[in-house]
Amino acid sequence: MSDFIANFDIENYSSHIYNDINIESEIINFANSVEVDLIGMCTHVRTGLAHFYNGSIGEYLVNHT
């Protein structure tokens, strides 16, 4: 993560590693633990079988946060 952020001119940031049962729970529980006001994310827009088997993390978060 440090190597990635070094490519940009960003000075005020923090990075965290948080593990939970699944990705959706990780994001929700971490957001609750640090009392965030906003969750921003990019999506891959899965459709068809990929969406059927993997679901949508973004859709889950929108419906459960």
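The values are calculated or read from the model by the stated rules, or taken from the named source; none is laboratory data. Nothing here was measured: the structure is a model prediction, and the numbers come from that model. Backbone-built Cβ (ideal geometry, glycine too); neighbour counts: all protein chains shown. Just the protein is used for accessible areas: all its heavy atoms, side chains included, with ligands, DNA and RNA removed. Shrake-Rupley method; radii C 1.70, N 1.55, O 1.52, S 1.80 Å.
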Hz values of 3J(HN,Hα) by residue in the range 17-27 - Karplus curve (6.51, -1.76, 1.60), Gly and Pro given as x: 10, 9, 10, 8, 5, 8, 4, 4, 5, 4, 5
Quick check for me: using +1 on Lys/Arg Cβ and -1 on Asp/Glu Cβ, what's the dipole size of the chain about its Cα centre, in debye to the nearest 20? 300
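Report in % the part of the accessible area of the chain that belongs to carbon and sulfur, leaving out ligands and nucleic acids; probe 1.4 Å.
Details: 3070 of 5900 Å².
The nonpolar share, carbon plus sulfur, comes to 52 percent.
Rolling a 1.4 angstrom probe over the protein heavy atoms, how many square angstrom per residue are accessible across the chain? All intermediate terms of the calculation are to be shown ahead of the outcome.
Values: 5900 Å² over 65 residues.
Value returned for the chain: 91 Å² of accessible area per residue.
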